[in-house]
Amino acid sequence: MLFAVLCTDKPDALQVRMDTRPEHVAFLTDLNAKGSLAFAGPFLDDAGKPNGSLVVLNAETIEAAKAIAAADPYAKAGLFATVDIKPWNWVFNKPEV
């Protein structure tokens, strides 16, 4: 099942994001290799700077998706003000696997 992980950065946390980015990218690369990552990318503010994240995960349960989200280096670094995880159904423009 797919789960959308919607994350909003804490105010003035861009440096935390940039400092933690290499570990975050490695984490997502590993998830992708395991087939647990559908897609991911940052939200942008009006100046084009990242201020949140959208990560769509393949997980068996919402509890599993929550565990994956909690293991993200960004989450461990305290980057996020909020994290919302919702079951999601990819209907349009889903790539053929």
Computed Rg/Rh of the chain, alpha carbon atoms with Kirkwood Rh: 0.96
On the protein heavy atoms, probe 1.4 angstrom, tell me the percent of accessible surface of the chain carried by carbon and sulfur. 56 percent
Using only Cα atoms, figure out Rg for the stretch 57-97 and give it as a multiple of 2.2 N^0.38 Å. 1.40
With +1 at each Lys and Arg Cβ and -1 at each Asp and Glu Cβ, the charge dipole magnitude of the chain around its Cα centre, to the nearest 20 debye, comes out at 60 debye
Any idea how far apart Ser36 and Phe92 come out in nm if each label point goes 7 Å out from Cα toward Cβ? 3.1 nm
Sort 28-34, 68-74 by packing, meaning the average of other beta carbons within 10 Å per residue, with the highest value first. 68-74, 28-34
Pairs Lys10/Lys34; Lys34/Lys76; Lys49/Lys94: which exceed 23 Å Cα-Cα? Lys10/Lys34; Lys49/Lys94
Compute the angle between helix 14-34 and the longest alpha-carbon principal axis of the chain, please, reported from 0 to 90 degrees and rounded to the nearest 10. 20 degrees
Under a 1.4 Å probe, what is the accessible area of the chain per residue, stated in Å²? 64 Å²
Using alpha-carbon coordinates, inclination of helix 62-71 to the longest axis of the chain, degrees: 30 degrees
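The values are calculated or read from the model by the stated rules, or taken from the named source; none is laboratory data. Since the structure is predicted, the reported quantities are computational estimates derived from the model, not experimental observations. Neighbour counts run over all protein chains shown; Cβ positions are idealised from the backbone, glycine included. Accessible surface areas use protein heavy atoms only, side chains included; no ligands, DNA or RNA. Shrake-Rupley method; radii C 1.70, N 1.55, O 1.52, S 1.80 Å.
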